[in-house]
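The values are calculated or read from the model by the stated rules, or taken from the named source; none is laboratory data. None of these values were measured; they are calculated from a predicted model. Here the Cβ positions follow ideal geometry from the backbone for every residue, glycine too, while neighbour counts run over all protein chains shown. We work out accessible area using only protein heavy atoms, side chains counted, and drop any ligands, DNA or RNA first. Shrake-Rupley method; radii C 1.70, N 1.55, O 1.52, S 1.80 Å.
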Amino acid sequence: MSVSQKLITPVASCAPEPPRNKVTVVGVGQVGMACSVSILLQGLCDELAMVDVIEDRLKGEMMDLQHGSLFLKTPKIVADKDYAVSANSRLVVVTAGVRQQEGESRLNLVQRNVNVFKAIIPQIMKYSPNCTIIVVSNPVDILTYVTWKLSGLPKHRVIGSGTNLDSARFRYMMAERLGIHASSFNGWVLGEHGDTSVPVWSGANVAGVNLQKLNPEIGTDADKEQWKATHKAVVDSAYEVIKLKGYTNWAIGMSVANLTESIVKNLSRVHPVSTMVKNMYGIGEEVFLSLPCVLNSSGVCSVVNMTLTDDEVGQLKKSADTLWGIQKDLKDL
Amino acid sequence: MLITCWCLYLTARSFAEQTFRMASIVQKLITPLVSGPPEPPRNKVTVVGVGQVGMACAVSILLRELADELALVDVVEDKLKGEMMDLLHGSLFLKTPKIVADKDYSVTANSRIVIVTAGVRQQEGESRLNLVQRNVNIFKHIVPQIVRYSPDCIIIVVSNPVDVLTYVTWKLSGLPKHRVIGSGTNLDSARFRFLMADKLGIHSSSFNGWILGEHGDTSVPVWSGTNVAGVNLQTLNPNIGTEFDEENWKETHKMVVDSAYEVIKLKGYTNWAIGLSVADLTESLMRNMNRIHPVSTMVKGMYGISDEVYLSLPCVLNGGGVASVVNMSLTDDEVSQLQASASTLWDIQKDLRDV
């Protein structure tokens, strides 16, 4: 008898239980791995699958994570270029595609990434027809639209990581100026994840004290304290970090784990994520933009109706037009 | 008289309102109670080197909430600043309120624990021992700076060859030996426990097994101690780990030794597992836990070893560093493997200059 047979007497002889909280990460670049590690370190899934086209790198990353099993509570970590490995996922995080080079805008990546997605999305759906998809690849709002079209999923199950990260950066930078922790500063950045994101100054508050009431010019050019510069720093962040280290990954990884937590634990927390906004705020096209969404196990279960100023609504509409301008030319969706 | 008072009152009120209008949001929103410098950190961790390993250590430590301040140091200034910013942008999701970075070591002042990952790494096919002279030269710059700003810290050395570099760090730092630890075979043991447990269908944490000695090609798997729920595997299979073993369990240890080379071949480097294992050590030290880990410590005088070498043995780690070493019951063969590692390491160490 082998050591295993002498040591262990099986009691339940049926096949192993299928996973209940499986997460798949598509793309094992810097962003995909940062998402994976953040998710693993928070113990959010009972199985993690990784998919990519570069087989060596994929296997190396899988082994490196498996070697850390002693320190983790995720008993099964698998990886393959074949999507069969992703079967029965609750959540699929898509980070695959090309990324911004130094100085390049996110919108420039669109056609290359649409082509990558045409290969990926149908495969995801084949193996996890009931999943929720979080799209991270840029330009995220357009690619979330593309994913929605290619997947055939209802709109509440396709989420773009959107301005969850912009809002996290905004809250950190505003909080720093006030000498408090980011989680104690409430502020929302909505709309496009990119150069035209909209900081909702009218909602910015600390302990319920509205900042716009304390400084009615906040966020305008006339503001002596130049709070607008803080939003500009948020927009510039990604370009700055890319210039310094070549890419960004830690912050986006943590923000994706934050969204994952709300979905997997059915929390109904509100996050600014990219969702289908046709018929809201006078937007007539099928575009995805970030609004405050209630996230739980069904995906985007509802959207919070913001009280926006006319100017803020105008900015959202403008983002919607810019995005539709690009989307209408995409073929074969 | 009444009119004068009223006018004075109105003037005063208008002045106050104007001052209020001129006051910034911070001044209107927040009334300080405590003035003077902010409290110094109590659980500060510094990571030296922001390559893949350093950042994996940093992120694991942040996500495990082990530090109240994290400092990063490196020589490549752009990358260092970019990494710091990327971590700061995740502040909303973290409980470490201060993250700083600079090439100047003053940023590391008052650290409890300093993790050294700086240096060159193995290329494909290269052994760890080959890196030694290059990394000794780097350490000559780093270690005195660390100790200058954090004279009471505990240093965890991760850079390879870790056992030799832990010796070098001990010499260069002047710290007592219980405050200089090499990450050693903590990772090898984690890999061993994962691979063995996987074969038995259980979780790594339920498989007990220790790999000691050199972190590298000559590490020693202590088969006599391997057990699950106290059931000793060598008792079930007396040939375990030998050439005569029909089940060829020895192969599992060989896979542990080959792991790093394999992962490097596939993805260019390893980082996640070592990052997690360093966070595990940091937790024991920071939280004063008295947990036992196989880490590299000064072993002169033990197991017939007469040179000042660092090798991994099971060490009790707490807030003071290495509190004590567990006396293993090793077979003669295992003892001689340790002695062989010690000789190999001393051979390299004796030729190092200015240490």
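Taking A:Gly219, is it over 19 Å from the mean Cα position of the chain (by Cα) and open to solvent by 20 Å² or more (accessible area, probe 1.4 Å)? Explain how you work it out, then say what you get.
Working: over 19 Å from the mean Cα position of the chain (by Cα): yes; open to solvent by 20 Å² or more (accessible area, probe 1.4 Å): no.
No.
For the subset of the stretch B:60-105 comprising residues that are part of a helix (DSSP H, G or I) and under 17 Å from B:Ile154 (Cα atoms), which member is farthest from the other protein chains (Cβ to nearest Cβ)?
The initial filter retains those residues of the stretch B:60-105 that are part of a helix (DSSP H, G or I), namely B:60-63, B:77-88, B:91-93, B:105.
With under 17 Å from B:Ile154 (Cα atoms) added as a condition, the list becomes B:61, B:105.
Details: B:Ile61: 10, B:Tyr105: 20 Å.
Ranking the candidates gives B:Tyr105 first.
For the stretch A:1-22, which residues satisfy the criterion of being touching an Asp or Glu at 6+ places or on another chain (Cβ under 8 Å) and either assigned to a loop (DSSP other than H, G, I, E, B) or more than 12 Å from chain B (Cβ to nearest Cβ) (or both)? If you could, list the steps in order and put the result at the bottom.
Of the stretch A:1-22, the ones touching an Asp or Glu at 6+ places or on another chain (Cβ under 8 Å) are A:2-3, A:19-22.
Residues satisfying the conditions are A:Ser2, A:Pro19, A:Arg20, A:Asn21, A:Lys22.
Residues that are open to solvent by less than 10 Å² (accessible area, probe 1.4 Å) and under 10 Å from the mean Cα position of the chain (by Cα) were ranked within the stretch A:232-262; the one that is nearest to the other protein chains (Cβ to nearest Cβ) is A:Met254. With B:Leu345, B:Leu317, B:Leu266 as the choices, which residue is open to solvent by less than 10 Å² (accessible area, probe 1.4 Å) and modelled with pLDDT of 95 or more? Going through B:Leu345, B:Leu317, B:Leu266 in turn, the sole match is B:Leu317. For the stretch B:255-269, which residues satisfy the criterion of being touching a residue at least 40 places away in the same chain (Cβ under 8 Å) and within 7 Å of chain A (Cβ to nearest Cβ)? Correct list: B:Ser259 only.
For the stretch B:41-52, which positions are more than 15 Å from B:Cys153 (Cα to Cα) and either open to solvent by less than 40 Å² (accessible area, probe 1.4 Å) or assigned to a loop (DSSP other than H, G, I, E, B) (or both)? Once the filter is applied, which keeps residues that are more than 15 Å from B:Cys153 (Cα to Cα) and either open to solvent by less than 40 Å² (accessible area, probe 1.4 Å) or assigned to a loop (DSSP other than H, G, I, E, B) (or both), the stretch B:41-52 yields B:Gly49, B:Val50, B:Gly51. Here the stretch A:56-95 is the region considered, the condition is being open to solvent by less than 10 Å² (accessible area, probe 1.4 Å) and of a type in the set (D, E, K, R), and the residue that is farthest from A:Phe117 (Cα to Cα) is A:Asp64.
The residues on offer are B:Met289, B:Met255, B:Met196, and the sole one that is in a helix (DSSP H, G or I) and surrounded by fewer than 19 Cβ atoms within 10 Å (Cβ to Cβ) is B:Met255.
Among residues that are in a helix (DSSP H, G or I) and within 16 Å of the chain's Cα centre (by Cα), B:Leu172 is not included. Does at least one position in the stretch B:113-125 carry a residue that is in contact with a Ser or Thr (Cβ under 7 Å, 6 or more places away or on another chain), in a helix (DSSP H, G or I) and either away from chain A (no Cβ under 14 Å) or modelled with pLDDT of 95 or more (or both)? Scanning the stretch B:113-125 turns up no residue that is in contact with a Ser or Thr (Cβ under 7 Å, 6 or more places away or on another chain), in a helix (DSSP H, G or I) and either away from chain A (no Cβ under 14 Å) or modelled with pLDDT of 95 or more (or both). For first residues located in the stretch B:151-169 and farther than 19 Å from B:Leu317 by Cα, partners that are of a type in the set (Asp, Glu) and in a strand (DSSP E or B) and lie 6+ apart or on another chain with Cβ distances below 8 Å do not occur.
Of all residues in the stretch B:208-247, which are of a type in the set (A, V, I, L, M, F, W, C), assigned to a loop (DSSP other than H, G, I, E, B) and more than 9 Å from every other protein chain (Cβ to nearest Cβ)?
Taking the stretch B:208-247 first, the residues of a type in the set (A, V, I, L, M, F, W, C) are B:210-212, B:220, B:222-223, B:228-229, B:231, B:233, B:236, B:240, B:244.
Pick out the ones that are also assigned to a loop (DSSP other than H, G, I, E, B) and you get B:210, B:222, B:229, B:240, B:244.
Of everything in the stretch B:208-247, those that are of a type in the set (A, V, I, L, M, F, W, C), assigned to a loop (DSSP other than H, G, I, E, B) and more than 9 Å from every other protein chain (Cβ to nearest Cβ) turn out to be B:Trp210, B:Val222, B:Phe244.
Being within 11 Å of chain A (Cβ to nearest Cβ) and modelled with pLDDT of 95 or more is a condition met by at least one residue of the stretch B:36-50.
For the criterion of being touching a His at 6+ places or on another chain (Cβ under 9 Å) and open to solvent by less than 40 Å² (accessible area, probe 1.4 Å), A:Val200 fails. Just one of the listed residues (A:Val53, A:Val37, A:Val25, A:Val98) is of a type in the set (A, V, I, L, M), more than 12 Å from chain B (Cβ to nearest Cβ) and surrounded by 24 or more Cβ atoms within 10 Å (Cβ to Cβ), namely A:Val25.
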